[in-house]
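Next up is a structure, given as structure tokens.
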Amino acid sequence: METKILRMDIEHISTEDLAQAGAVIRDGGLVAFPTETVYGLGGDALNPESSRKIYAAKGRPSDNPLIVHIADMEQLGYIVEEIPEGVEKLALEFWPGPLTMIMKKSSVVPLQTTGGLDTVAVRMPSHPVAREFIRAAGGYVAAPSANISGKPSPTTAKYVIQDMDGRIDMIIDADGVEIGLESTIVDMTGEVPMILRPGFITLEMLSKVIGPVEMDVALLNIDSTAKPKAPGMKYRHYAPKGELVIVEGEPEQVVSYINQACKEHVAQGKRTGIIGTQESISQYKADCVKCAGSRADADAIARQLYTFLREFDDEGVEFIYSEAFDVGEKGQAIMNRLLKAAGHKIIFLN
Ligand code: AMP
Ligand code: MG
């Protein structure tokens, strides 16, 4: 299949291009598109055949449900059984934005889209191209991240093309993918709302609006054997080709541990990579050293993390070491992704 690549300017979105992209979805095809979190791989959420194609293009297990993207609040009632009060409150505060809410699905949403579940995950993205595209596509776009299953989510069109060229009908290339980590997922079907995937909307931000919110216990403990409630969270994810290890401890200890480890790999003819921060970066020695910005700047770290992992792949790095980024509330979302990318390999130096 030939994949058409459409470059869009977020300041001047071409209505003709949008109509063309929308028509692909309405005809049952797939279009990758930018959102403010990561690129999505979109298909018609109400068409079971489109969902089947999404799983096939990604190589994704079909028990891992897709998030349905909408552009307007009026669209929500059609795809859910009811809109709980908490959802209305959270939508007023955080939509459009990086928050996904799970509700009981209505009969129009096929089980192929929800991985066989009777619930549906819904998000309203804020990216201007995403919103206009969803409207042009008929209002309901099912979209997981636009990567081959298991790889880091793409935050630039370059990496969408790398994974999806020849597998889908169209890729929309635009700027404005600023957050860099996937949305927070909160399950609104229980008595107390529960976070199934941490993200930039934190537990504290949610509870300010709706009172008590819980965190899926399987996410809290790094070596937890509890099964996560979001089916997708149990799979290996975001992984670079090289072996990634996280090193946690006092800054000087971390620098000397990582440098020593890299030295040993280099002696064996291996290529090495490091993710550090402004505070430590000048002290590192490896083939590829990436600076995530200041240690206190969780936003900058999140924005660049997946790009770094992809760049290590591009540069043939075989062993990667990263500092731990337990910074503030958002640090939880970053560490959740980094630990998965590392297959939970973390070294505590103290
Ligand atoms: P992705 O779109 O690739 O970022 O992945 C979507 C995530 O949302 C996966 O971890 C899914 O397991 C999760 N998810 C989607 N729908 C549901 C649902 N109805 N119940 C629980 N988790 C869901
Ligand atoms: Mg994904």
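A short reminder: the numbers here are calculations on the coordinates, not readings from a lab. Remember, predicted model here, so these are calculated numbers, not experimental data. All Cβ positions, even for glycine, are placed from backbone atoms using ideal geometry, and neighbour counts span all protein chains on display.
Placing +1 on the Cβ of each Lys and Arg and -1 on the Cβ of each Asp and Glu in the range 242-329, which of Gly276, Ile301, Gly249 has its Cα farthest towards the positive end of the resulting dipole?
Most positive-ward Cα: Gly276.
Suppose the chain between Lys158 and Ser106 were pulled fully straight at 0.36 nm per residue; how much longer would it get relative to their current alpha carbon spacing?
So the extension gain works out to 15.1 nm.
Need the full-extension length gain, Leu349 to Lys208, defined as separation in residues times 0.36 nm minus the C-alpha distance. One decimal, nm.
That works out to 47.2 nm of additional length.
Output the Kirkwood hydrodynamic radius of the chain, Cα pairs only, in Å rounded to one decimal.
One decimal place: 20.7 Å for the Kirkwood radius.
Grab the beta carbon distance between Asp72 and Ser294, set R0 = 35 Å, and tell me the FRET efficiency rounded to 0.05.
My answer for the efficiency is 0.40.
For the range 241-350, state which GluC sites (Glu not before Pro) are in a DSSP loop and have at most 15 other beta carbons lying within 10 Å of their beta carbon.
Of the GluC sites (Glu not before Pro), the ones in loops of the range 241-350 whose Cβ has at most 15 other Cβ atoms within 10 Å are Glu279, Glu315, Glu329.
In terms of modelled amide H atoms, which long-range or inter-chain residues lie less than 5 Å from the amide H of Ile5?
Under 5 Å from the amide H of Ile5 lie the amide H atoms of Ile171, each far enough along the sequence or on another chain.
A further question on this structure: As I understand it, the dipole of the chain uses +1 on the Cβ of Lys and Arg and -1 on the Cβ of Asp and Glu, about the Cα centre. Which of Ser149, Val129, Thr184 lies farthest toward its positive end?
Farthest towards the positive end: Ser149.
Could you check the spin-label model distance between Asp165 and Ala19? Points 7 Å from the Cα along Cα→Cβ, value in nm.
If labels sit at Asp165 and Ala19, their model points lie 3.0 nm apart.
Here's something else I'd like to know. Among the DSSP beta bridges whose two residues both lie in the range 30-157, what percent are antiparallel, rounded to the nearest 5?
Bridges in the range 30-157 that DSSP calls antiparallel: roughly 80 percent.
When the dipole is taken about the Cα centre of the chain, and only Lys, Arg (+1) and Asp, Glu (-1) are charged at their Cβ, what size is it in debye, to the nearest 20?
Here the chain has a charge dipole of around 940 debye.
Another one. What FRET efficiency comes out for the pair Glu2/Asp63, r = Cβ-Cβ distance, R0 = 25 Å, nearest 0.05?
Rounded to the nearest 0.05, the efficiency is 0.20.
For a paramagnetic label modelled at 7 Å from the Cα of Asp175 toward its Cβ, which residues of the range 36-64 fall within the zone defined by backbone nitrogen distances under 20 Å?
Only 36-40 pass the distance filter.
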